[in-house]
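One structure below.
Computed from the coordinates by the stated procedures, all read-outs in this text should not be read as laboratory data. All values reported here derive from a predicted model rather than from experimental measurement. No Cβ is skipped: glycine too gets one built from the backbone with ideal geometry, and neighbour counts run over all protein chains shown.
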There are 4 protein chains.
Amino acid sequence: MYNVSIIGASGYTGAQLVELVQQHPELTLSGTYVSSNSADANKPIGELHGKLAHVDATLIPISDSILESLAHDVDFIFLATPHEASHDWMPLLTSGSAKVLDLSGAFRLKDTEVFEAFYGFSHKQQASLDNAVYGLAEWYSSSIEQAKIIAVPGCYPTASLSALKPLGENNLLDSAVRPVINAVSGVSGAGRKASLTTSFFEVSLHAYGVLGHRHTPEIEAYLGTPVIFTPHLGNFKRGILATVTVKLKSGVTQEQLDEAYKAAYADKSIVRLRSSFPKIDDVAHTPFVDLYWKLDESSGYAVVTSAIDNVMKGAASQAIQCVNIMTKQPIETGLVL
Amino acid sequence: MYNVSIIGASGYTGAQLVELVQQHPELTLSGTYVSSNSADANKPIGELHGKLAHVDATLIPISDSILESLAHDVDFIFLATPHEASHDWMPLLTSGSAKVLDLSGAFRLKDTEVFEAFYGFSHKQQASLDNAVYGLAEWYSSSIEQAKIIAVPGCYPTASLSALKPLGENNLLDSAVRPVINAVSGVSGAGRKASLTTSFFEVSLHAYGVLGHRHTPEIEAYLGTPVIFTPHLGNFKRGILATVTVKLKSGVTQEQLDEAYKAAYADKSIVRLRSSFPKIDDVAHTPFVDLYWKLDESSGYAVVTSAIDNVMKGAASQAIQCVNIMTKQPIETGLVL
Amino acid sequence: MYNVSIIGASGYTGAQLVELVQQHPELTLSGTYVSSNSADANKPIGELHGKLAHVDATLIPISDSILESLAHDVDFIFLATPHEASHDWMPLLTSGSAKVLDLSGAFRLKDTEVFEAFYGFSHKQQASLDNAVYGLAEWYSSSIEQAKIIAVPGCYPTASLSALKPLGENNLLDSAVRPVINAVSGVSGAGRKASLTTSFFEVSLHAYGVLGHRHTPEIEAYLGTPVIFTPHLGNFKRGILATVTVKLKSGVTQEQLDEAYKAAYADKSIVRLRSSFPKIDDVAHTPFVDLYWKLDESSGYAVVTSAIDNVMKGAASQAIQCVNIMTKQPIETGLVL
Amino acid sequence: MYNVSIIGASGYTGAQLVELVQQHPELTLSGTYVSSNSADANKPIGELHGKLAHVDATLIPISDSILESLAHDVDFIFLATPHEASHDWMPLLTSGSAKVLDLSGAFRLKDTEVFEAFYGFSHKQQASLDNAVYGLAEWYSSSIEQAKIIAVPGCYPTASLSALKPLGENNLLDSAVRPVINAVSGVSGAGRKASLTTSFFEVSLHAYGVLGHRHTPEIEAYLGTPVIFTPHLGNFKRGILATVTVKLKSGVTQEQLDEAYKAAYADKSIVRLRSSFPKIDDVAHTPFVDLYWKLDESSGYAVVTSAIDNVMKGAASQAIQCVNIMTKQPIETGLVL
């Protein structure tokens, strides 16, 4: 059994992590934390997240001394915290034997200039950044296995890269035409907070972050080619559907395309290659990535759609997959029951 | 043509009033206002309410001098403001020839103690209170016609009283058993503001204000008998469905019940006596009240359901009905096209 | 390990049972069946229920010979079938050693006249009816433990009785005033079928089955007193919220009320006594019943709300609870992870 | 005043047309019809469409003799009928003085082979096809004004072409890269019928008709260039959001792009050029097209989003716009109040 602590348990990802740790046969929850000045400090977790009303856990306010002792006392620390908090706390949290799974964006990119441009802060943790491994579980398992710090991927990049990497890695993309990613996310993606933008009456399908969203450089970095990424806010609670339109190299056949996906995900229990275009509900509350694709051979354009639960595969369950890799358990342990 | 001004046009009711005034053949919009320290001051109204993107109106910050000039310069003032603002501004607004339609709760009840207990403030405007007429259009048209101040009814009381008054006025209710009103409101009822309670992810059907909601004394005052009223927040944007369970006096027949409703609403164009139990969408974006009922003669229990759009008949369109009464136009003018 | 088969796996309850059996540590799925003339026969289950795309199971068309062999070969048979099918097949299914959990309404009531009046068929299976035990798990566990046939309760009765039985059993209800149950169900309650009534565009909160729903006699039979029950269709997929208004006997205090609930559910892991009024999402996708209540001591009226997932505690997870009781495992085995 | 009849009033578009005709100052409703073997024949329209409960109109079963008399007796006939019905009835309906607005797809394309491939029937009405004018109101008003038959555009083409034509007409598109249109439609787009696909529980965002939807040739025909069009079903009732990604010719600036839209829609009251990316609710229940766009000058890629109400601008209100053009009234008459 491994001891795990969750920092940032007042948010939706934190709450999901609590659920997943509770149901995991090899993990024991040892502490749920919130920031020291959180209005939620010292509340029972079930008061914030009604679904967890039966869970006996309190939201402990974090402090430097707690951070330090966690670094030595637990096996895994999940950081479901703002980018800046993850950035600032990482050196202390990694000063002991604990391994850290950071669900913020603070360690996902190697190029520090991107943080200034897209995240609004200047990155000072070069050493941690050098050590961090990108936690896209199906693609980087060997480095994940060895890592001290996992930068758990963003939700949109997880959906997008799951669809695109089989094409990129097999060199099937026509480099003259950028892949176009249109994605719609449920409102949980915006986090648990009071905001007019995400108030019930105001939510209605629309594009945002057009030609400038911070997940664009993340997708491009791990795909290795520029893309046009347009996120949308949808009127549902959980899930992302990414619709990816690509132009393939001249002469690529449907068979080659099928083969690329089958080869990439042959033995991957979390990625489901479907027989029709998936819908959000197929994956909501699950750890799965569902993929389906179609090619118009005459024009060379193909459309791939990728569905995930943004709070699960887009955050919490992907972090658990990484822990499973690091502890050499089957990757779906505690996730597919 | 009558000139009308709307104070509180940043909210959902205010925006609805703008729409209704625009489409009314006898009303001209002369000014949309917000409180002087509103973050929305001086913005075009379409920036807040995308549906009004084609409307040329700016949100003017209100001031005492504007309040005073409105009192003399316009025919009707709509107050879509917090209770306290309506309370404080009423003497100044009624100092000229303008008539005021107050959509807050500040003048709906005659008993000032209720304000202290249910609204959290002490009422100081006895004179205005004495002059105010309750604007339930189908039931108080003769006093509305003469009034200087209209207290436009609350959304839940409108739905509830529309269902119950035909029974109360015809003396059909068994006084030993309280009517039970269960009502579900769309989220617009909570107003336009950032709040965790009404954030999209958090909204999910639940009861609130149980055995203590401020609309209870309003319903009881105008029905004349105590009730059990339980409001709920529903996962939709507009509308209220009130399900009213009553015990009728021994021997009351289905025919008597039918007759009570038909007589009450025979010539009322806004109340639709339906042939099946109405749904929210039947009335959303409309000024209508839809009613249907069923009696179990053997037990004497009857169930009545009442559906309205909370922003329309529960607020804005009822205010327009009152203006139509005050200007001796057909009551549905500008509402049923 | 126990072998279980599911008949009616094309429906939402059947699909939920597949999920629950898969994740249960002591149950093995041995066969998912549909009616012999179903359009879904011989399809992989994941084609109907995208969420189960990773499950290797086919929908086998049922036949008399299969029914008979199941009766001898498996330990538990779940019937997620129409009332008439359960009624007709029960003698054959109970002819061997298998125990049957019937999720239809065919064996929930002892009074056969009710079936004629409320279910539209004449009951011919007196012997099975005599043997059937009502599977409300928190209340009838000792008879469930011995039973051959479990009539798994209806969704509305589960929500309603969970709220009302602590009051009825403690003799707190004023018998002169009927409890009023207003309940709103998600659309899954209507089953998986093409119907204009449950088409997306048409669904909008409304009452139905007023003063005549078939769950009324079921609630009354197990509460022991008449009620007014008004179901509603809500615009959400899963869950029921029942709002129960009762008049208590003169002098009953809040403390007595609290005590009644605490005593009834003290050691019941599936019932969560909450500290505020629950919402549907607190229980969606979970096996829990969430309860909260408030009393107005001056009038003697109390309001209790009860939230369940209609497909889980209102059907599938309650059936699993019964299996847990029958196999002497902790009641939450395979449900609370 | 002009007399209009609506054939196909049992559907959502037909019902919307009834509303629009009722509120139009120059149109009089003279007859609402359904197919002769419709289950809805002879019902009051309010029984099907609760929102129209106050409208005094009955669904008259159509017959050849009625078709013929309509051709001579009314000014405008709206066909909210299946493609095949419009196809078959057109010669008779145009045998008199009446003008016909066909909201089906039967007369939208000049190339008859497309009907065979995308609509599944062989087109036999060459003469009517030759006379039909495509009713995209902002772009073809001079031919609409003279037409006997208007083929009212499809919902997706209306949203897509409104966004793309200013770019195409100004020759701004890089012809080497196809425009990518991702659009999400509300469920009303599927029409009023019982279907598992559009049942409430099943609806969840997903792509359909990928690389083969019948609106693709329609968009391409009126844009004049091939596109990749991917429609999606969204979990809302009304509205379409089309997100269009284009590569512009080298050197095109944001200013040129802005100018193209402003010039195209300068005097068009129904198209609103917004100051931020529109959402579905901004246009739901309205006749408007809302547009906003952004260009990344360095890469030459631009994203345009277009929002319409599919039942209004995507069908019924666009038909009314055409009538306004044909009767030389301001285009927004009866639509923007």
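One table, with the values for the structure above:
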{"item": "For residues of A:19-27, the mean tally of beta carbons on other chains within 10 Å", "result": "1"}
{"item": "Chain D: angle of helix D:254-265 to the longest principal axis, Cα-based, in degrees nearest 10", "result": "20"}
{"item": "Amide H within-cut-off set for C:Ile150, under 5 Å, with H built and near neighbours excluded", "result": "C:Val100, C:Leu101, C:Asp102, C:Val133"}
{"item": "Nearest-20 debye value, chain C charge dipole, Cβ charges on Lys, Arg, Asp, Glu", "result": "460"}
{"item": "Values of log10 I(q)/I(0), in the order q = 0.20, 0.22, 0.25 Å⁻¹, for the range B:68-136 under a Debye, Cα-only, solvent-free model", "result": "-0.77, -0.92, -1.15"}
{"item": "The range A:155-310, relative contact order [Cα under 8 Å, separation at least 6], %", "result": "31"}
{"item": "Cβ charges +1 (Lys, Arg) and -1 (Asp, Glu), total dipole of the protein assembly as shown, debye", "result": "0"}
{"item": "Surrounding net charge for C:Cys155, when Lys and Arg each add one and Asp and Glu each subtract one, Cβ distance under 14 Å", "result": "+3"}
{"item": "Binned Cα-Cα distance frequencies in the range C:96-221 - 10 Å width, integer %", "result": "11, 35, 36, 16, 2"}
{"item": "Exercise: per-residue mean of other protein chain Cβ atoms within 10 Å, A:180-189", "result": "5"}
{"item": "3J(HN,Hα) from dihedral phi, the range C:111-120, Karplus parametrisation 6.51/-1.76/1.60, rounded to Hz, x for glycine, proline", "result": "7, 5, 4, 4, 5, 4, 6, 9, 10, x"}
{"item": "Cα shape, the range B:40-173, gyration tensor, a/c 1.5 rule", "result": "prolate"}
{"item": "Fraction of beta bridges assigned by DSSP in chain D that are antiparallel (%, nearest 5)", "result": "45"}
{"item": "D:Gly209 long-range amide H proximity, modeled H, under 5 Å", "result": "none"}
{"item": "Per-copy distances of the D:Glu68 label point, shortest first, in nm (7 angstrom along Cα→Cβ)", "result": "6.5, 7.8, 9.9"}
{"item": "Semi-axis lengths, Å, the range B:271-316, gyration tensor of Cα atoms, sqrt of 5 times eigenvalues", "result": "25, 9, 7"}
{"item": "Gyration tensor verdict on the protein assembly as shown (Cα atoms; rounded if a/c is under 1.5, prolate if a/b is larger than b/c, oblate otherwise)", "result": "rounded"}
{"item": "The range C:296-337 and the range C:129-197: distance between their alpha carbon centers, rounded to Å", "result": "10"}
{"item": "Residue-wise HN-Hα coupling along the range B:122-135, computed from phi with Karplus coefficients 6.51, -1.76, 1.60 (Hz; x: Gly, Pro)", "result": "9, 7, 10, 10, 4, 5, 4, 4, 5, 7, 6, 10, 6, x"}
{"item": "Sparse-neighbourhood loop sites, chymotrypsin sites (Phe, Trp or Tyr not before Pro) in the range A:153-240 - DSSP loop, at most 11 other Cβ within 10 angstrom", "result": "none"}
{"item": "Dimensions (Å) - chain D, Cα atoms, principal axes, largest first", "result": "62, 46, 42"}
{"item": "Angle in degrees between helix D:317-326 and the longest Cα principal axis of chain D, rounded to the nearest 10", "result": "80"}
{"item": "Largest to smallest principal axis extent of the C-alpha atoms in the range C:150-228, angstrom", "result": "45, 30, 17"}
{"item": "Semi-axis lengths (Å, descending) of the ellipsoid that matches the C-alpha gyration tensor of the range B:1-95", "result": "20, 16, 11"}
{"item": "Under the Debye formula (equal points on every Cα, no solvent term), log10 I(q)/I(0) of the range B:229-331 at q = 0.12, 0.13, 0.19, 0.21 Å⁻¹", "result": "-0.47, -0.54, -1.00, -1.12"}
{"item": "Mean separation of Cα contacts under 8 Å, 6 or more apart, over the residue count of chain A: relative contact order %", "result": "17"}
{"item": "Span per principal axis, largest first, for the Cα atoms of the range B:239-278 (Å)", "result": "32, 23, 15"}
{"item": "For the range D:291-337: relative contact order, % (alpha-carbon pairs under 8 angstrom, 6 or more apart)", "result": "21"}
{"item": "Other protein chain Cβ atoms within 10 Å, averaged over every residue that makes up A:48-56", "result": "6"}
{"item": "Whole-Hz ³J(HN,Hα) from phi, Karplus 6.51 cos²θ - 1.76 cosθ + 1.60, for the range D:193-207, glycine and proline x", "result": "6, 7, 7, 5, 4, 9, 6, 3, 5, 7, 5, 6, 2, 7, 7"}
{"item": "Restraint check, B:Lys279/D:Lys313; C:Lys279/D:Lys43; A:Lys237/A:Lys268; B:Lys279/C:Lys268, Cα-Cα greater than 29 Å", "result": "C:Lys279/D:Lys43; B:Lys279/C:Lys268"}
{"item": "For A:Arg272, distant residues with modelled amide H under 5 Å away", "result": "A:Val289, A:Asp290, A:Leu291"}
{"item": "Restricting the range A:1-110 to trypsin sites (Lys or Arg not before Pro) in coil, as DSSP defines it, with at most 16 other Cβ within 10 Å", "result": "A:Lys110"}
{"item": "0 to 90° range, to nearest 10: angle between helix B:83-93 axis and chain B longest Cα axis", "result": "60"}
{"item": "Whole-Å semi-axes of the range D:155-311's equivalent ellipsoid (Cα gyration tensor)", "result": "28, 17, 13"}
{"item": "Peptides C:3-15, C:37-49, C:187-199, C:160-172 ordered by average Cβ neighbours within 10 Å, highest first", "result": "C:3-15, C:160-172, C:187-199, C:37-49"}
